[in-house]
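Q: Provided herewith is a single structure, encoded as structure tokens, for subsequent inquiry.
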Amino acid sequence: MEDYTLLCPQMAPIHFALFDVTFAWRGHNVVVLSEVDRNAIEDGLRYVNNDACYPAIVVCGQLIQALKSGKYDLNRTGVLISQTCGGCRSTNYRALLDLALRRAGFSNVKVLPFNVNVVKSGGTASLAGRFDVDLAFVRKMLVTVLYGDLLLLLSNRCRPYEVIAGSTDALTSVWLGKLREIILQDKRYSISKCMNDIVADFEKLELDVSVRKPKVGVVGEILVKYHPDANRNLVTTIEREGGEAVVPGILDFMLYCLSSDQHKKPYADVSFFAGLKSKLAIWIIEKYRDKIRYAMRNSKRFEPPKQFHHLVEKARKVISTCNQTGEGWLLTGEMVELIEDGCPNIVCVQPFGCLPNHITGKGVFKELRSKYPIANITTIDYDAGTTEVNQLNRIKLMMSVAQKNIKEK
């Protein structure tokens, strides 16, 4: 696929700002699309059934808008689309996109579902059978996600307190530029040194922490959780209302997916080796994430991410880890972890009509409030037709309670 341009929909701006160079390192020309405007949403509604999952409308609409722009040779252009291969409706994104492309007159555009699974004994993985993804590329992708998670954590922690407006985002942009060059280098480099340098630079930012701001966790469906155009700039809204947004990293979602065989084993026919492979993969990935923890161990500003097994235990206090559709038990686990780590204010976001996330999100609110009376949780549904006023009022109400609790404390 080296002679093709592959269009990739946006999800998380910081992480996806690095993904195109990760693919370029492997020789693939991937273009990560940037913003999703109202016209893209309209294209999604026009060519995808309007009762489809909101993230599918966002993703398909953005891709169709790009194809209609005239910037790309349609005979040598393909599109990347993620698949979970589970009970979530995202498994059907490929089928929805195929139908949408035919309706829009782009039936000649190739669709590549992005679902990396090990298919050969030597550690080689296949990306939709189109091109090979070896372990070196998987390692590169993992490191890219780690860099994205680190920058997300540091920037959200600093931005609400910055003395010089825009300094946090400016430093984030500087490091994104440096990381793009590092990722493209076809040689091994010191990941630990790079992460230490990133943390050190963010430690130097001039902050005013004299006024304590309430921390507000953001959890929910993965696209709405990270995509600022899909969640109507939720993090910016929280900061404008006087809060500090705490957004868990993407790596935990990856580990959640990898751990599914372990949680199924007591109840389903899962081989011993499948469970062992899952544990081994998570252990290796956590070894890489230790580099972030080591970089933050002497920090006075930042708290390092916890081990994944802690998140599993948090979820088990409230819900069975057999809930694996959508964000499943991970959604509950993140809420429990946030509350116990001093972030009782939580915005739980999901597409309207996303039943699995309503069950493991809003469905556990009563139990969470019973276990943690300080919990201040609100839920926000996102859809192409939902009004921004209603969403903003929910956030303002939650923030008013959070500010009151801070003053009383």
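Q: If I go through segment 334-364 residue by residue, how many of them are under 25 Å from K213 (Cβ atoms) and either of a type in the set (A, V, I, L, M) or in contact with a helix residue (DSSP H, G or I) (Cβ under 9 Å, 6 or more places away or on another chain) (or both)?
A: Of the residues in segment 334-364, 15 are under 25 Å from K213 (Cβ atoms) and either of a type in the set (A, V, I, L, M) or in contact with a helix residue (DSSP H, G or I) (Cβ under 9 Å, 6 or more places away or on another chain) (or both).
A quick yes/no check of all residues on (1) in a loop (DSSP other than H, G, I, E, B); (2) farther than 17 Å from L251 by Cβ:
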| residue | (1), (2) |
| --- | --- |
| S192 | no, no |
| D201 | no, yes |
| L205 | yes, yes |
| V211 | yes, yes |
| G217 | no, no |
| K225 | no, no |
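Q: May I ask you to list pairs of residues, at least six apart or on different chains, whose Cβ atoms are under 6 Å apart, with the first in segment 381-398 being in the same structural domain as V235 (by TED's automatic domain parsing) and the second being surrounded by 13 or more Cβ atoms within 10 Å (Cβ to Cβ) and hydrophobic (A, V, I, L, M, F, W, C)?
A: Filtered contacts from segment 381-398: D381/F352; Y382/V224; D383/F352; A384/I41; A384/L45; A384/I57; Q391/I380; R394/I380.
Q: Of A66, A56, which residue is out of contact with any Gly (no Cβ under 7 Å at 6 or more places or on another chain), of a type outside the set (S, T, N, Q) and within 23 Å of I359 (Cβ to Cβ)?
A: A56
Q: Right, something else. Of the residues G342, G363, G333, G353, only one is buried (at least 23 other Cβ atoms within 10 Å of the Cβ) and of a type outside the set (A, V, I, L, M, F, W, C); which?
A: Going through G342, G363, G333, G353 in turn, just one is buried (at least 23 other Cβ atoms within 10 Å of the Cβ) and of a type outside the set (A, V, I, L, M, F, W, C): G333.
Q: Would you point out which residue out of E203, E241 is surrounded by fewer than 20 Cβ atoms within 10 Å (Cβ to Cβ) and not assigned by TED's automatic domain parsing to the domain that holds G361?
A: Working: E241 fails: not assigned by TED's automatic domain parsing to the domain that holds G361.
Exactly one residue qualifies, and that residue is E203.
Q: A follow-up question, please. With respect to I339, is the statement that it is over 30 Å from V59 (Cβ atoms) and within 21 Å of the chain's Cα centre (by Cα) true? Lay out the reasoning, then the answer.
A: Numbers: over 30 Å from V59 (Cβ atoms): yes; within 21 Å of the chain's Cα centre (by Cα): yes.
Taking the combined requirement at face value, the residue satisfies it.
Q: Here's another thing I want to ask about it. Among the residues of segment 122-162, what is the count of those that are modelled with pLDDT under 55 and in contact with a Pro (Cβ under 8 Å, 6 or more places away or on another chain)?
A: Residues in segment 122-162 being modelled with pLDDT under 55 and in contact with a Pro (Cβ under 8 Å, 6 or more places away or on another chain): 1 in total.
Q: If I ask for residues that are surrounded by 12 or more Cβ atoms within 10 Å (Cβ to Cβ) and assigned to a loop (DSSP other than H, G, I, E, B), which ones from segment 378-396 would you list?
A: Selection gives D383, A384, T386.
Q: Mind checking which strands (runs of 3 or more DSSP E) fall wholly inside segment 1-82 and carry at least 2 residues that are at pLDDT below 90?
A: The qualifying strands (runs of 3 or more DSSP E) are 77-82.
Q: Quick check on my filter: what residues within segment 181-224 are among the aromatic types (F, W, Y) and modelled with pLDDT of 95 or more?
A: F202
The values are calculated or read from the model by the stated rules, or taken from the named source; none is laboratory data. Bear in mind the structure is a predicted one, so any value in this text is a computation, not a measurement. Neighbour counts are summed over all protein chains in view; Cβ atoms, including those assigned to glycine, are modelled from backbone coordinates with ideal geometry.
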